[in-house]
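A.B. asks: Mind having a look at this structure? Questions to follow.
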Amino acid sequence: MTTKKKTKKRSSELTKEESMPKELVIEPVTRIEGHGKVTIFLDQNNEVKDARFAVTQFRGFERFVEGRPFTEMPSIVERICGICPVSHSLAASKACDAILGVRIPNPAIKIRRLLNCGEFIQSHALSFFHLSSPDLLLGFDSNPAERNIVGVIKANPEIAKSGIRLRQIGGHIVEWLGKKRVHPAWVVPGGVNEPLSVEHRDMMLKEIPEALEIIQKTLRFFKGIIEDFRNEIRTFGNFPSMFLGLVDANGNWEITDGYLRFIDSRGHIVADMVEPSRYKEFIGEAVEEFSYLKSPYYKPLGYPKGMYRVGPLARLNVCNGFSTPLANREWAEFRDLERGPVLSSFYNHYARLIEILAVIELEEQLLNDPEILDPHIRAHASVNELEGVGCVEAPRGTLFHHYRVSKEGLMQWANMIVATGNNNLAINQSVLQVAQHYVKGDEITEPMINRIEAVIRAYDPCLSCSTHALGKMPLQITLKDCAGRIIKEVVRT
Amino acid sequence: MMIAKKISQIQTLIIDGKEVGGRSDETILQVARENDIFIPTLCHLDGLSEYGGCRLCIVHVKGLPRLVPSCTTLVREGMEVTTNSEDIIEYRKGILSLLFAERNHVCSVCVSNGHCELQWLALKLGITHVEFPYIYPKMPVDATHDRFIADHNRCVLCGRCVRVCHEVEGAHTKDVMGRGITSRVITDLMNNWGESNTCTGCGKCVHVCPTGALSEKGKSVAEMEKRRQFLPYLKRMRERS
């Protein structure tokens, strides 16, 4: 760690006005998908006044898809991300189904659900084992050089190995269906382009007992250590907010098809069984100058009061339960943590593990359904509607794709609200909460940096397609005075 | 008498050090392929007239001051041809690189990904990157036809669609306008495809197109497989009748 003074002017020489508010900047944030930057504003008493989490990359997908045939959309939007391409292709294909104006065949619905199971297993395993377990197993204050997946392999080889294996099992589902583990061109408007073979069905079934064993063992382990994180649970995004998630027709947990449900911070349902195509009636999008990521909010409450959270924690909070027995039992125990909805974002890790268990159970149900092998997997049509909305639960939360096309089928306009976008306001709020708790004066301390990063990681944000699983990116924190001059800079390499 | 005439037209030549024989109305490319000697092509297609436009099939003929396209050069007695020297391969890579730089070829999201001749040739010739700066032109997509899409971003101006439409279908709906890199394949007198009076909707142009420039509507990424086997057969049947 190096410390250097950037300005020639000493702080004693500054006028009173100049020395008042200060900024602390943490950039880049490591072990998340993409590039983020944190700025902390201090007031004249060196108390934290505000904190902002900004996404500094502009990617422009919504703009550059304009003019392309809509049939290419599932594959184009997959390139948004290397971790959750499947979620984007599913949301896109559902928007395209709406443009075709078709109801896709039942086997196609089921086989797409199966694909989403694979996506959830591999992405949640990545988040928990590769990205977050270094904090959880080695401690937030352990040596940063060791605090990565390699450190986990040294400290607890069994956890590390089973995490890698679980991710592989999820990856197999995607690969055996779509022929490619990343960016498969298999989900198409109207369904999918190849049925599941008996051979691959059997190979998937064979891996289920091992996957179940790994996740149940990990859940037991995590429940055993969760008490050690009392402070983090109390301060990591622990505040009242609304929650949004998909539920099925019975109000149960759902990730691929279903209806929107919003609940308030006390657990009351405020909007239920909302067709995702009506999302615009409920969700507004605000733009802030400091970030390329928009800030969606619950429209009836306005901006920024309508802050809501999505993701594993939100899904477990909004649903009435799970339709699979093992996950339902875990869910009941989870919801016992608090009277109303579980509020601390730290519990996202816990919720993620329960969801892995649920999708493995769901995968088994789907694979044992003979219809999963049915070759009737695609509906064909030309453009029948000029507008379509597709919505799925991505591992990180609710994902919306909304397209408008010309009558020839060329894209005219697109709007995508991604999970991390939905969580934007909540992430900002969480960073502020952690900063208020851990930032003392204008000093930049190691525990503070670690926890600010960790609270962001609890949301498993996906800021772009890049992955930094080893956390080797340099971390830069800058302290600025009100005139924007850097008075202190800390660089961690 | 006829047989004697044909025998007298047999020419012997050397291609890449190998002694080969061919009829005098055959091109170097044909004779090379009959003898399993690889020469890359893009605008050539069995069943269509030779055009000599893409220059990928250039070869060196001993005694000639410049490289010649093997698809339009007839074999002659005693020729010595080199098809794959280092220089020639570099020229071919340059030609392909220019094609990539000239339009917007994004394989990963193309309907023809995995079934594209341009992509296959780039892999075959070992092109790992393009040294020329990309032009990124703003090219239109014509989706006005009920069944087909023309995406000029992916067109390499090989002229196969133009020739098949004129020579085999007899419609001559497609042609090329402009010069140099501003050239573009057009429909009729630069009308939208969907409004063409001459297009019979046969789809031959789509299937002879080497890239994803012409495709069937509704195909998703990597789904557009082209069927070209019909062409030499069609031609033979026409010649017989």
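No lab work stands behind these numbers, since they all come straight from the coordinates. Because the structure is a prediction, the values reported are computed rather than measured. Neighbour counts run over all protein chains shown; Cβ positions are idealised from the backbone, glycine included.
A.B. asks: Taking the 0 to 90 degree range and rounding to the nearest ten, how far is the long axis of helix B:230-240 tilted relative to the main principal axis of chain B, both from C-alpha atoms?
C.D. replies: So the helix axis and the longest Cα principal axis differ by about 60 degrees.
A.B. asks: Determine the equivalent ellipsoid of the range B:89-223 by diagonalising the alpha-carbon gyration tensor, then write out the semi-axes as square roots of 5 times the eigenvalues, largest first, rounded to whole Å.
C.D. replies: 25, 16, 14
A.B. asks: State to the nearest 20 debye the size of the charge dipole of the protein assembly as shown about its Cα centre, where the only charges are +1 on K and R beta carbons and -1 on D and E beta carbons.
C.D. replies: It works out to roughly 1280 debye.
A.B. asks: On full extension of the chain, what length is gained from A:E47 through A:K217, given 0.36 nm per residue of separation minus the C-alpha to C-alpha distance?
C.D. replies: Fully extending the segment from A:E47 to A:K217 adds 56.9 nm.
A.B. asks: Provide a whole-number value for the mean count of partner chain Cβ atoms within 10 Å of the Cβ atoms in peptide A:70-77.
C.D. replies: The shielding value for this peptide is 5.
A.B. asks: Pull out a ≥ b ≥ c, the square roots of the eigenvalues of the alpha-carbon gyration tensor of the range A:260-379, then state rounded if a/c is under 1.5, prolate if not and a/b is larger than b/c, and oblate in the remaining case.
C.D. replies: Note, shape of the range A:260-379 comes out oblate.
A.B. asks: Any idea which of B:I10, B:L64, B:C43 is furthest toward the positive side of the dipole for the range B:2-84, if Lys and Arg beta-carbons carry +1 and Asp and Glu beta-carbons -1?
C.D. replies: With unit charges placed on the Cβ atoms, the residue in question is B:L64.
A.B. asks: OK, next. Against the 2.2 N^0.38 Å scaling, with N counting residues, where does the range B:2-84 land? I'd like the Cα-based Rg ratio to two decimal places.
C.D. replies: My calculation over the Cα atoms of the range B:2-84 gives 1.06.
A.B. asks: Nothing charged except the Cβ atoms of Lys and Arg (+1) and of Asp and Glu (-1): what's the magnitude of the dipole of the range B:89-223 about its Cα centre? Round to the nearest 20 debye.
C.D. replies: Here the range B:89-223 has a charge dipole of around 240 debye.
A.B. asks: What is the distance in Å between the Cα centres of the range B:137-156 and the range B:166-241?
C.D. replies: Result: 12 Å between the Cα centres.
A.B. asks: GNM on chain B, C-alpha springs below 10 Å: top fluctuator among B:I15, B:I135, B:I89?
C.D. replies: So, out of B:I15, B:I135, B:I89, the one fluctuating most is B:I135.
A.B. asks: Going by a ≥ b ≥ c, the root eigenvalues of the Cα gyration tensor, does the range A:175-286 fall in the rounded group (a/c under 1.5), the prolate group (a/b larger than b/c) or the oblate group?
C.D. replies: oblate
A.B. asks: Taking each residue in B:109-118, count the Cβ atoms of any other chain within 10 Å of its Cβ, then average. What number comes out?
C.D. replies: Other-chain Cβ atoms within 10 Å of each residue's Cβ, averaged: 2.
A.B. asks: Sum up the charges of everything whose Cβ sits under 13 Å from the Cβ of A:F70, counting Lys and Arg as +1 and Asp and Glu as -1, but leave A:F70 out.
C.D. replies: Every neighbour counted, the sum reads 0.
A.B. asks: Mind checking the range A:303-374 for trypsin sites (Lys or Arg not before Pro) that DSSP puts in a loop (not H, G, I, E or B) and that have at most 14 other Cβ atoms within 10 Å?
C.D. replies: Listed in order of number, the matching sites are A:K305, A:R339.
A.B. asks: Please state the relative contact order of the range B:2-84 as a whole percent: Cα pairs under 8 Å, 6+ residues apart?
C.D. replies: 37
A.B. asks: Sticking with this one: I'd like the distance between the alpha-carbon centres of the range A:343-403 and the range A:251-315, rounded to an integer number of Å.
C.D. replies: First find each Cα centre; the distance between them is then 18 Å.
A.B. asks: Of B:N84, B:N104, B:N192, which is the most mobile in a GNM of chain B whose springs link Cα atoms less than 10 angstrom apart?
C.D. replies: Residue with maximal mean-square fluctuation among B:N84, B:N104, B:N192: B:N192.
A.B. asks: Another question, if that's okay. Read phi for every residue in the range A:445-451 and hand back ³J(HN,Hα) as whole Hz from Karplus 6.51 cos²θ - 1.76 cosθ + 1.60, θ = phi - 60°, with x for Gly and Pro.
C.D. replies: These are the phi-based 3J(HN,Hα) values: 9, 4, x, 5, 4, 4, 6 Hz.
A.B. asks: Now, a different point. I'd like the GluC sites (Glu not before Pro) in the range B:149-228 restricted to DSSP loop residues with at most 14 other Cβ atoms within 10 Å, sorted by number.
C.D. replies: Of the GluC sites (Glu not before Pro), the ones in loops of the range B:149-228 whose Cβ has at most 14 other Cβ atoms within 10 Å are B:E225.
A.B. asks: DSSP loop trypsin sites (Lys or Arg not before Pro) in the range A:183-276 with at most 13 other Cβ atoms within 10 Å of their Cβ, which ones?
C.D. replies: Passing sites in the range A:183-276 are A:R266.
A.B. asks: Can I ask one more? By the scheme Lys and Arg +1, Asp and Glu -1, what is the net charge of all other residues having a beta-carbon under 12 Å from that of B:Y91?
C.D. replies: +1
A.B. asks: With the contact rule set at Cα under 8 Å and sequence spacing of 6 or more, what percent relative contact order holds for chain B?
C.D. replies: Reported as a whole number, the value is 19 percent.
A.B. asks: Relative to the present Cα-Cα distance, how much length would full extension add between A:K440 and A:A286 at 0.36 nm per residue of separation?
C.D. replies: 52.3 nm
A.B. asks: What does the average come to when, for each residue of peptide B:139-150, you count the partner chain Cβ atoms lying within 10 Å of its Cβ?
C.D. replies: Partner-chain Cβ atoms within 10 Å, mean over residues of B:139-150: 3.
A.B. asks: How high is the FRET efficiency between A:A332 and A:L301 when r is their beta carbon distance and R₀ equals 22 Å, given to the nearest 0.05?
C.D. replies: 0.15
A.B. asks: Also, quick follow-up: Would you mind calculating the gained length between A:F239 and A:V270 on full extension (0.36 nm times residue separation, minus the Cα-Cα distance), in nm to one decimal?
C.D. replies: 9.3 nm
A.B. asks: Moving to a separate point now. So if we plug the beta-carbon distance of A:L373 and A:E210 into 1/(1 + (r/R0)^6) with R0 = 25 Å, what FRET efficiency do we get, rounded to 0.05?
C.D. replies: Efficiency for this residue pair is about 0.65.
A.B. asks: Could you grab the relative contact order for chain A? Cα pairs under 8 Å, six or more apart, rounded to a whole percent.
C.D. replies: For chain A, the relative contact order is 29 percent.
A.B. asks: Can I get the semi-axes of chain A's equivalent ellipsoid? Compute them from the C-alpha gyration tensor as square roots of 5 times the eigenvalues, in angstrom, largest first.
C.D. replies: 38, 26, 21
A.B. asks: On a 19 Å Cα-Cα criterion, which of the cross-link pairs A:K37/A:K299; A:K161/A:K217; A:K407/B:K219; A:K94/A:K294 come out too long?
C.D. replies: Where the Cα-Cα span goes over 19 Å, the pairs concerned are A:K37/A:K299; A:K94/A:K294.
A.B. asks: According to the square roots a ≥ b ≥ c of the eigenvalues of the Cα gyration tensor, what is the shape class of chain B, taking rounded for a/c under 1.5, prolate for a/b larger than b/c otherwise, and oblate for the remainder?
C.D. replies: oblate
A.B. asks: Still on this structure, please answer the following. May I ask you to order A:241-247, A:375-381 by the average number of other C-beta atoms within 10 Å around their residues, highest value first?
C.D. replies: In decreasing order of mean packing, A:241-247, A:375-381 become A:241-247, A:375-381.
A.B. asks: Determine the calculated [θ] at 222 nm for chain A from helices alone, applying -39500 (n - 2.57) to every DSSP H run no shorter than 4 residues and normalising by the residue count; nearest 500 deg cm²/dmol.
C.D. replies: Rounded to the nearest 500, the figure is -12000 deg cm²/dmol.
A.B. asks: ³J(HN,Hα) across the range B:129-138 via Karplus (A = 6.51, B = -1.76, C = 1.60, θ = phi - 60°), whole Hz, x for Gly/Pro?
C.D. replies: Those phi angles translate into 7, 10, 7, 7, x, 5, 8, 6, x, 8 Hz.
A.B. asks: On to the next question. Quickly work out the B:L98-to-A:K407 label distance, labels modelled 7 Å from Cα along the C-beta direction, and quote it in nm with one decimal.
C.D. replies: Spacing of the two 7 Å Cα→Cβ label points: 4.3 nm.
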